[in-house]
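Engineer: Got a structure for you, written out below as structure tokens; questions coming shortly.
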Amino acid sequence: MGFGYQRYTHALVLRPDVTVVVFALGEDETGNYQSCAAVDWRMVGIADHDQLVAMAIARCNAFGARWGINCKLFAVNNKIVWGKEEDVEFQ
């Protein structure tokens, strides 16, 4: 299932003050399999940053579960944050 991450970021013009879209990414220990997911505030009706991050990570982990993938936050809006901030653990 493709999410078309970049198509979501055009909403930044409409709501530059909130987290609009987050993108999670992960790969298995061998580097052979990857999983990703994007969550847009318009898709879920929530603009809370932490909730969007948790949803994206949870979806990414669900997609990659068969390969034991543990996803992390990759980007918020148009900014790559991989390795630059703490991940929100899904609870």
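The values are calculated or read from the model by the stated rules, or taken from the named source; none is laboratory data. None of these values were measured; they are calculated from a predicted model. Using ideal geometry, Cβ is built from the backbone for each residue, glycine included, and neighbour counts are taken over all protein chains shown.
Engineer: Restricting to the stretch 24-47, name every residue that is closer than 20 Å to Lys84 by Cβ and surrounded by fewer than 20 Cβ atoms within 10 Å (Cβ to Cβ).
Structural biologist: Scanning the stretch 24-47 gives Glu27, Gln34.
Engineer: If you check Ala11 against the conditions, is it aliphatic (A, V, I, L, M) and modelled with pLDDT under 85?
Structural biologist: yes
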